[in-house]
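Contents: one structure, followed by commentary.
The values are calculated or read from the model by the stated rules, or taken from the named source; none is laboratory data. Model, not experiment: these values are computed from the prediction. Positions of Cβ are backbone-derived with ideal geometry, glycine not excepted, and every protein chain shown enters the neighbour counts.
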Amino acid sequence: MSDVYGIKVSRQGHDVKSAADTNLSFSSEFNTLKIAKIIDMTTETEVAHGLGYIPTFVFLRCNKAGEYMMGNPPYTEGMLSSVYVDGTNIYKLVAAASVAAYVVLFSDKLDE
């Protein structure tokens, strides 16, 4: 029995057992971001994240069409806000209407 274990997903037309890394869509051996928390920031302007370090993060915002985008929708929609994270909290600076907004925090530190 082999000591090698994990998950691999190959691209269409490639055998997952013999595919080179370039022909894999995913491998558990790849260094990928791991989600630590997803925080709903729709009505909040400051939330403690409890991680004890500055995490890598992505800000997702809903536009007027109901589609989620990373960062801000175009200002022509009349919505603008900024998000930043420190070692303790997530902060959302709001300059317009409240729409659905989420911050995805990863277990990876921002400075790594």
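Do we find a residue being under 18 Å from the mean Cα position of the chain (by Cα), surrounded by 14 or more Cβ atoms within 10 Å (Cβ to Cβ), modelled with pLDDT under 90 and not in a strand (DSSP E or B) anywhere in the stretch 19-32?
No.
Looking at Leu51, Leu33, Leu60, which one is over 19 Å from Tyr91 (Cα atoms) and hydrophobic (A, V, I, L, M, F, W, C)?
Of Leu51, Leu33, Leu60, the one residue that is over 19 Å from Tyr91 (Cα atoms) and hydrophobic (A, V, I, L, M, F, W, C) is Leu33.
Among the residues of the stretch 29-53, write down those that are among the small types (Gly, Ala, Ser) and either more than 30 Å from Ser10 (Cβ to Cβ) or in contact with a helix residue (DSSP H, G or I) (Cβ under 8 Å, 6 or more places away or on another chain) (or both).
Within the stretch 29-53, Ala48, Gly50, Gly52 qualify.
Test Ile39 against the criterion of being within 13 Å of Ala100 (Cβ to Cβ), among the aliphatic types (A, V, I, L, M) and modelled with pLDDT of 90 or more, and give yes or no. Break it down stepwise before answering.
On the way: within 13 Å of Ala100 (Cβ to Cβ): yes; among the aliphatic types (A, V, I, L, M): yes; modelled with pLDDT of 90 or more: yes.
Criteria met by Ile39.
Looking at (1) surrounded by 13 or more Cβ atoms within 10 Å (Cβ to Cβ); (2) in contact with a Leu (Cβ under 7 Å, 6 or more places away or on another chain); (3) without any contact (Cβ under 8 Å) to a residue 40 or more places away in the chain, can you tell me which one Lys37 breaks?
(3)
Can you give me the ranges of the strands (runs of 3 or more DSSP E) entirely in the stretch 51-112 with at least 1 residues that are surrounded by 13 or more Cβ atoms within 10 Å (Cβ to Cβ) and modelled with pLDDT of 90 or more?
Counting at least 1 such residues, we get 55-62, 81-85, 89-94, 101-109.
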